[in-house]
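Rule-based calculations on the coordinates, nothing more; no lab input. Because the structure is a prediction, the values reported are computed rather than measured. Heads up, the Cβs are rebuilt from the backbone with ideal geometry, glycines too, and the neighbour counts pull from every protein chain shown.
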Amino acid sequence: MQTIIGKDLFAAKKLLETDELVAIPTETVYGLAANALHEDAVLKIFAAKKRPFFDPLIVHTHSVEEIKKYTDELPESGRLLLEAFAPGPVTLLLKKKKKIPDLVTSGLDTVGIRIPSHPLTLELLRMLDFPLAAPSANPFGYISPTTAEHVFNQLNNQIPYIIDGGPTTVGIESTIVGFEEEQPVVYRLGGLSINEIERVAGKVRLEINDSSNPRAPGTLKSHYAPRTPLLFITDSAEVVKYMTPNTATISLSKLNGLPEGVTQYLLSNNGNLEDAARNLFAIMRNADSRGFDRIIAVEVPNEGLGLAINDRLKRASVR
Ligand code: TXA
Ligand code: MG
């Protein structure tokens, strides 16, 4: 099957209505979408990604009204989060109704659901009479795609259509938030920072897990990993110690004191963490494609989006 890249939402709609896969742009990363209410369609996602069935999928809709069709319980703090940040990079874990297949949630009684902020995908969702299940459109465990080309490079011939919505604006996946009574519990750090969540929904509890327990969303210990060994270090002074003759570095700003000729990838030109999040995955892919024998990534400040960036770098470093 030849993969077409384009902006034809009617073509995408037709494919999705016949249980085919379509890659969709969002503000975070590109997703690999299928009809969330049809198990046969959802199965194709797991097959294309080589994703284990214990790792549940996020469901995408276009409005809070739609979200209410798939859950009976929307906590007040969840409602406030949607009011403040949807469409946007946040996924809520909500008690699911029966019509969401167990395959989507890996048998859990909650469904991860979000409203992505991308004009093409929002338009597509409005044209459909079902929601879309969509994990990031990369082979399981590899770096998430932030352009249509990234998707094409890895899934060419495996899916019929990729909607080209340009490079993503946030660049890392959504923050995943569940609720204990009314308290927000963050299971995956992402494009919406903890401070922002606390501003509208009160004190957050963090439950970021390192195990392969699917209750710890998106948080398999090794994930987002390039094929080139990646070393994550907290102290930039140590880079020299770990360098090989063919090392690339990834850091927020320029590292001083490195030997001449070392390839330095800068996540931002002016130390900005939003830029860094936006550039992170494309830089990791580029570094991975150039035959370095080692990538050394230096921790960014642990504040705002920096927490999510460090989380991704750490997981990328686990083999
Ligand atoms: O930004 C995003 O969230 C992107 C775009 C495409 O929307 N999607 C994404 O999906 O990152 P994925 O499949 O790569 O990561 C979703 C994570 C999974 O690792 C899964 O463990 C967790 O969300 N998850 C989904 N539903 C869950 C649930 N009901 N309970 C616990 N974890 C859940
Ligand atoms: Mg993913």
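Would you please calculate the Kirkwood hydrodynamic radius of the chain over all C-alpha pairs and express it in Å, rounded to one decimal?
Numbers: mean 1/r = 0.0504 Å⁻¹.
Result for the chain stands at 19.8 Å.
Report the full-extension gain for the segment Phe140 to Leu206: residue separation times 0.36 nm, less the Cα-Cα distance, to one decimal in nm. Intermediate results must be reported in sequence, preceding the final value.
Numbers: separation 66, 0.36 × 66 = 23.76 nm, distance 2.47 nm.
Result for the pair: 21.3 nm of gain on full extension.
When only alpha carbons are used to place a centre, the stretch 74-91 and the stretch 245-268 end up 39 Å from one another. For the chain, DSSP calls about 40 percent of its internal beta bridges antiparallel. Relative contact order, whole percent, for the chain stands at 20, derived from Cα pairs under 8 Å and 6 or more residues apart.
Between Lys99 and Lys254, residue separation times 0.36 nm minus the direct Cα-Cα distance comes to 50.7 nm. Rg and Dmax over the alpha-carbon atoms of the stretch 91-142 stand at 12.5, 32 Å. Only DSSP H runs of four or more residues enter the estimate; each adds -39500 (n - 2.57), and after division by the residues of the chain the mean residue ellipticity at 222 nm equals -8500 deg cm²/dmol. Using the Cα coordinates of the stretch 30-119, the gyration tensor eigenvalues translate into equivalent-ellipsoid semi-axes of 22, 15, 11 Å, sorted from longest to shortest. At full extension, Ala47 and Glu182 could sit 44.9 nm farther apart than now, given 0.36 nm per residue minus the alpha carbon distance. Amide hydrogen proximity for Thr91: with H placed 1.01 Å from N in the peptide plane, the residues at 5 or more positions away or on another chain lying under 5 Å are Thr175, Ile176, Val177. For Lys203, the lysines whose Cα comes closer than 30 Å to its Cα, not counting residues fewer than 8 places off in the same chain, are Lys68, Lys69, Lys95, Lys96, Lys97, Lys221, Lys314.
Percent of alpha carbon pairs in the stretch 179-319 separated by more than 23 Å? Distances greater than 23 Å cover 38 percent of the Cα pairs.
Each residue, Asn286 and Asn302, gets one label point 7 Å from its Cα in the Cβ direction; the gap between the two is 2.9 nm.
Wrap a convex hull around the Cα atoms of the stretch 1-150, take a quarter of its surface area, and give that in square nanometres. It would help to have the intermediate numbers written out before the result.
Values: hull surface 33.3 nm².
Projected over every direction and averaged, the Cα hull of the stretch 1-150 covers 8.3 nm².
Centroid-to-centroid, using Cα positions, the stretch 146-214 and the stretch 1-15 are 25 Å apart.
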